[in-house]
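What follows is a short report on a single structure.
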Amino acid sequence: MNLTNTPTDTMPDIQQAEHVLHEVFGFEEFRSLQKDIIQNVLQKQDTLAIMPTGGGKSLCYQIPALIFDGLTIVVSPLISLMKDQVDQLTAYGISASYLNSSLSPQVYQSTLDEIRRNKLDLLYLAPETLLKPNVLNLLSGLNVECVAIDEAHCISEWGHDFRPEYRQLSQVTDRFDHAVTLGLTATATPRVQKDIANTLGLADANTFVASFNRKNLYLDVVTKSNPLQQTINFLRRHEGDSGIIYCFSRKQVDQLTQDLNANGFNALPYHAGLGEGERTQNQNAFIRDEVDIIVATIAFGMGIDKPDVRFVVHHDMPKNIESYYQQIGRAGRDGLQSDCLFLFSYGDAGKIRYFIDQKTGDEQRVAEEHLQKLMDYVEAHQCRRIKLLGYFGEHFNEQNCGMCDFCTGDTPEREDITVPVQKFLSTMVRTEQRFGYNHILNVLLGSRRKAVLKFNHDKLSTHGIGKDLSRPEWKQIYRELMKQDIIVREFEHKSLKLTPKAMEILKGNQEVFGVIEEPVQKGRSTSSSKSDIESLDFNRELFGLLKEKRMELAQKQGVPPYIIFADTSLIEMAYYYPQAKESFLKIHGVGRAKAKKYGEDFLGVIKEFCENNDLNERSKSDTKKQTKSVQKTLSKDSRPFEVGQMFQGGKLIGEIASEIEVKEGTVVGYLSKFLKAGHSIPADHILEASGLSKEKWDGVFKAFEEHGHELLRPVFDALNEEIPYDELRIVQLYLMVKDGDQE
Ligand code: ADP
Ligand code: ZN
């Protein structure tokens, strides 16, 4: 197909891909790893792409689909998303369709006809549809050039979302002789990643793993004190924004939805207790910007692709870090700053613990581990990203992320609280550790309530010694004691007990630091981490008018507004004030087809606004047209080349990984490619990237000596699966370099 004005057949692969990126999609440049993945696919090498949500996986098959002569099949389990994806592609002027069980027999037949007549570049299919003999036979007779398997983690039994049909896909791909297979997933779990590669038979060298750091998400954990008020305060800073609030139970969802609407917000509920019709209706209202807020149980989110979700609130505790990461990941797909607020309470943790106590054996152990990891995250006195990414095996070593409560200093000052803590603990000792925290506070504050007098606790030496602090301040001290494992609360009777740590403090052997002041909620940082587009000081009034125009067109066409233009495009329009088609084409996200379809409408709004306000067009330099020339083998602007040069220049693997935002394993992969392309690198610093001890190296070297260093699997097995692949890859690279030196 030819969607652009320039003949592209004679260009090298990657240059064609860049041309399509500019002309069809209207984007300036590729994001991290997109280029490598696309290049690999264009060279028909089976590839696995692992990128977080919002990383830009779709372009990795959509662009090759436009360059290949034949058909690209996209297998996706999310039926609800197929129509959305096809609508998006159609808006870009691309011919795409889908087949799944939601279609009427007539539409299904006419789509089959389209396929037969080779009318399509992309065809989306549910796995079970692809496995139908008639569909499979039809497709086998056509020139299928790429099979993209979206949500590829569904292939793994270790994943949270295993689908048996996915297992059969690996046999199906064999039916298409000329097709390259591309697996795509956002799963951050190394075990699942490995499993996908193995099942699809993909080589390590063709696996690309992006960093899981979502830079544009502001992470904030706040102690839950008055959740409704805290939520309302947060929402006031987000007026008109789209966002999701997660609650523990259906009942809470209904209650909070009611409370928010009573307070003038515009919210709808979503949970499994609602009928399917109502759920779909509420989800659509959200996608189409007809309602701002969805209050949901965790059931919400899988089937949506909305790029401009500006916030996610955890009103209650999520199940584990993985679900938390997945849920906050629904915010900010468009790359603009988005706010994630987690209201945390020990009460919620206690509830989860109570459920864990009902379980037994392995299940109980695993659940406990999960809870502990989440507590580590919540209680961390360091950048939130260290624990969050650490959970997925990624090492985050930036000094200051600038996008979490800790790094922006939104966490209150910690001070020496040893003395009040001693008062609290000795009151517990004197009341024989038989009471809950309200009673202890009453004694400390010198209360003469019935319960205090009944036990003669007004006679204790600690009665009234806590009057120097207020009740909320004592509550904070109590939270610190729980947080730092100095006391524990018995679940059944709610009485407080001392831990061994408490004894040391009472004896005066150990000091305690903590926060007394009630945490105040501050705004998220508006600092350095903004994207280029966000730092534009755009005209809010015009932006509002453009949004109205977008809504009008969306409703007329029955599609979500973001399919017409993303916010990022409207922001640029409201900054550069383009007045002519040529300057309109330079706007982010404006390709040829969209310019033709919507240009007149939007330019009309802009021109009228500029006339009325005496404004002139600003010129935007034309970054989209700077397609560089590249060689087929290892071009000078390819990642492996760039990385190879950085390494030759003396940078360490870890440094390179954080600079270009990929995992260390990926850097090692680039270096192998660089090496295989005939360049040389020094062996000296390779092993520094290894986390293994020197003693372990010896064993690993020996295993490589025995099994050769071409394949990792035999070595992995020989070492009893104890040494992770990433480590093996480092040693493998080292040996490759060493071998090369001897030749
Ligand atoms: P994923 O499938 O990985 O969650 P998507 O493919 O949906 O991510 O992409 C997320 C958003 O980023 C989309 O709105 C997409 O248009 C946009 N996007 C992808 N690649 C680029 C790029 N190179 N430049 C600008 N925007 C991009
Ligand atoms: Zn941080």
Given the candidates LEU496, LEU122, ILE244, the one whose Cα lies deepest towards the positive end of the charge dipole of the chain, counting +1 at each Lys or Arg C-beta and -1 at each Asp or Glu C-beta, is LEU496
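Which entries of LYS119/LYS556; LYS547/LYS607; LYS215/LYS597 have Cα-Cα distances beyond 22 Å here? Could you put the intermediate results ahead of the total?
Working: LYS119/LYS556 26 Å; LYS547/LYS607 15 Å; LYS215/LYS597 33 Å.
Those over the limit are LYS119/LYS556; LYS215/LYS597.
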Rounded to the nearest Å, the spacing of the alpha-carbon centers of region 137-200 and region 241-307 is 32 Å
Suppose every K and R has +1 on its Cβ and every D and E has -1 on its Cβ; what is the size of the dipole of region 421-472 about the Cα centre, in Debye to the nearest 20? 200 debye
Rounded to the nearest 20 Debye, what is the dipole magnitude of the chain about its Cα centre when Lys and Arg each give +1 and Asp and Glu each give -1 at the C-beta? 2080 debye
Please list the equivalent ellipsoid semi-axes of the chain, computed as the square roots of five times the alpha-carbon gyration tensor eigenvalues, in descending order and whole angstrom. 48, 35, 26
How would you rank 644-656, 107-119, 309-321, highest first, on the average number of other Cβ atoms within 10 Å across their residues? 309-321, 644-656, 107-119
Tell me what the chain gives for mean residue ellipticity at 222 nm when only DSSP H runs of n ≥ 4 count, each as -39,500 (n - 2.57), the sum divided by the residue total, rounded to 500 deg cm²/dmol. -14000 deg cm²/dmol
Would you work out which of CYS404, PRO420, GLY390 lies farthest towards the positive end of the dipole of region 381-437, given +1 charges on the beta-carbon of Lys and Arg and -1 on that of Asp and Glu, about the Cα centre? PRO420
Could you rank the peptides 193-203, 120-130 by their average count of other C-beta atoms within 10 Å per residue, with the highest value first? 120-130, 193-203
Which peptide among 16-29, 607-620, 162-175 comes first, and what is the full order, when sorted by highest mean count of other Cβ atoms within 10 Å? 16-29, 162-175, 607-620
Remind me, what semi-axes does region 188-322 give for its equivalent ellipsoid, largest first in whole Å, using sqrt of 5 times each Cα gyration tensor eigenvalue? 32, 18, 15
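Each value in this text was obtained by applying a stated rule to the coordinates, not by laboratory testing. The shown structure was predicted, so the numbers you read here are calculated from the model rather than taken from an experiment. Neighbour counts are summed over all protein chains in view; Cβ atoms, including those assigned to glycine, are modelled from backbone coordinates with ideal geometry.
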